[in-house]
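Undergrad: Pasting a structure here, questions to come.
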Amino acid sequence: MGVIISNRDFFTIDKTGLLRPLIFCSPDKDLKDKAISLNVLLAERLVAVKPNRRTMRMEQCFQQVLNTLTEGVVIKDFDVMFNPEYEVDILRIMIAQYKIKPFDLIWPGKYQEGKLIYAEEGYSDYKVYEIDKYDVTCVI
């Protein structure tokens, strides 16, 4: 289901009508500079929620933050979502919210062999997402 394209090929495809989030795994400096950091904005929303309800409210908090941004924005620094206590599927949330308000994102981890990886193996926030299980386009 997921698609992987090279950074070079990205500039040759027609992005009109693309109905899935673009995930940039190796963004250039210009893209990084124009991207909006979400950590503080999202953490401010989450801190207002009782700790035992944050997992259930994560998607709603993300949506509230996203609603304050312009359509088509590139987001970065959403590491707060990877807190292992929240037990959420970040890519599922991103895909669902993309359908409401399109955006692209800079992956805060690495890409390796068809997988998006966050953190290092052995750490509690370590996550691996197999791209072919999600409706996303990864630009590597």
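What follows is calculated from the coordinates using simple rules that are stated; it is not laboratory data. From a predicted model like this one, the values you see are computed outputs, not experimental measurements. Heads up, the Cβs are rebuilt from the backbone with ideal geometry, glycines too, and the neighbour counts pull from every protein chain shown.
Undergrad: Sort 40, 49, 139, 65 by Cβ crowding within 10 Å, fewest neighbours at the top.
TA: Going from least to most buried by this count: 40, 49, 65, 139.
Undergrad: Determine the sum of side-chain charges near residue 88: Lys and Arg each +1, Asp and Glu each -1, restricted to other residues whose C-beta is under 11 angstrom from that of residue 88. If you can, show how the numbers build up before the last one.
TA: Details: positive: 54, 57, 92, 127; negative: 59, 85, 87, 89.
Every neighbour counted, the sum reads 0.
Undergrad: When Lys and Arg each count +1 and Asp and Glu each count -1, what net charge do the other residues less than 10 Å away from residue 31, Cβ to Cβ, add up to?
TA: Its environment carries a net charge of 0.
Undergrad: Oh, and also: If you line up the long axis of helix 54-67 against the longest principal axis of the chain, both from Cα atoms, how many degrees apart are they, to the nearest 10?
TA: Taking the Cα atoms of the chain, the angle to 54-67 is about 50 degrees.
Undergrad: Net charge near residue 60: determine it from the other residues with C-beta under 13 Å of the C-beta of residue 60, scoring Lys and Arg +1 and Asp and Glu -1. Mind showing how you got there, number by number?
TA: On the way: positive: 45, 53, 54, 57; negative: 59.
In short, +3.
Undergrad: Return an integer: the convex hull volume of the alpha-carbon atoms of the stretch 3-139, in Å³ per residue.
TA: 109
Undergrad: Given the options 50, 99, 76, state which has the largest fluctuation in a GNM of the chain using a 10 Å cut-off (strictly under) for Cα springs.
TA: Of 50, 99, 76, the most mobile in the Gaussian network model is 50.
Undergrad: What's the Cα-based Rg to Rh of the stretch 32-98, Rh via Kirkwood?
TA: Values: Rg = 11.4 Å, Rh = 12.2 Å.
Result: Rg/Rh = 0.94.
Undergrad: Measuring from centroid to centroid over Cα atoms, what is the spacing of the stretch 99-140 and the stretch 44-91 in Å?
TA: What the calculation gives is 16 Å, centre to centre.
Undergrad: Considering the dipole of the chain built from charges on the beta carbon (Lys and Arg +1, Asp and Glu -1) around the Cα centre, which of 31, 80, 109 is farthest to its positive end?
TA: With unit charges placed on the Cβ atoms, the residue in question is 80.
Undergrad: Still on this structure, I have one more. I want to verify a result. In a Gaussian network model of the chain, Cα cutoff 10 Å, which of these has the top mean-square fluctuation: 116, 46, 69?
TA: 69
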